[in-house]
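J.: This is the structure I have questions about; it appears just below.
The values are calculated or read from the model by the stated rules, or taken from the named source; none is laboratory data. The structure presented is a predicted model; accordingly, all values stated were derived computationally and were not measured. With ideal geometry, Cβ positions are generated from the backbone for all residues, glycine too; neighbour counts draw on all protein chains shown. Heads up: the accessible areas ignore ligands, DNA and RNA and are worked out on the full protein's heavy atoms, side chains in. Shrake-Rupley method; radii C 1.70, N 1.55, O 1.52, S 1.80 Å.
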Amino acid sequence: MKFIITAARVDSAEEELFYKMKKAGVTHLQFGFESGNQDVLDFYNKKTTLDEIRYVANLSHKMGFFTIARLFLGHHLKTKENFENTINFAKKLPLDSVSFYH
């Protein structure tokens, strides 16, 4: 049996957990990274950092999961710079799929 996790959390990701998930049949992980801007993450009290997001994306990729990110382009702090930062941030991550929301 294969599983897809659609609400994986950045703050609970660790290699041992991912290994167990892989062994249990998880094939895809979707994360709500939300933004490529630390000020936006802080404004919405996401309690995560861009470095933690990078770590999780790399770990998920390393473990062989099909890695999906969900990012928002429309939010309270929307500026052209924030849009560009988020898109460029996503491009630098080892992702298999990205969904942008407004």
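J.: On a 0 to 90 degree scale, rounded to 10, what angle separates helix 50-62 from the longest Cα axis of the chain?
T.: For helix 50-62, the angle is close to 30 degrees.
J.: Moving on to the next point. Please state the relative contact order of region 13-74 as a whole percent: Cα pairs under 8 Å, 6+ residues apart?
T.: 50
J.: What chymotrypsin sites (Phe, Trp or Tyr not before Pro) in region 8-102 are in a loop by DSSP, with at most 15 other Cβ atoms within 10 Å of the Cβ?
T.: Tyr44
J.: On a 0 to 90 degree scale, rounded to 10, what angle separates helix 80-92 from the longest Cα axis of the chain?
T.: Helix 80-92 sits roughly 20 degrees off the main axis of the chain.
J.: Sorting His102, His76, His61, His28 by accessible area (1.4 Å probe), largest first, what list results?
T.: Heavy-atom accessible area, descending, gives His102, His76, His61, His28.
J.: On to the next question. Would you work out the charge dipole size for region 7-97 about its Cα centre, treating the Cβ of every Lys and Arg as +1 and the Cβ of every Asp and Glu as -1, and quote it to the nearest 20 debye?
T.: Dipole size: approximately 280 debye.
J.: Something else now. Just from its helices, what would the mean residue ellipticity at 222 nm be for the chain, if runs of 4 or more DSSP H residues each count -39500 (n - 2.57) and the sum is divided by every residue, rounded to the nearest 500 deg cm²/dmol?
T.: -12500 deg cm²/dmol
J.: Something else now. With an 8 Å Cα cut-off and a minimum separation of 6 or more residues, compute the relative contact order for region 1-45 in percent.
T.: Averaging sequence separation for qualifying contacts and normalising by length gives 50 percent for region 1-45.
J.: Would region 3-67 count as rounded, prolate or oblate if I go by the C-alpha gyration tensor, calling it rounded below 1.5 in a/c and otherwise prolate when a/b exceeds b/c, oblate otherwise?
T.: It is prolate, given that a/c is not under 1.5 and a/b is the larger ratio.
J.: Now, a different point. Per 10 Å bin from zero, what fraction in whole % of the C-alpha pairs of region 21-102 is there, up to the bin with the longest pair?
T.: Computed distribution, short to long bins: 18, 52, 24, 6, 0.
J.: What angle, in degrees between 0 and 90 and rounded to the nearest 10, separates the Cα long axis of helix 15-24 from the longest principal axis of the Cα atoms of the chain?
T.: 60
J.: Points 7 angstrom from Cα along the Cβ direction at Asp96 and Asp11: gap in nanometres?
T.: Going by the 7 Å Cα→Cβ label model, 2.7 nm.
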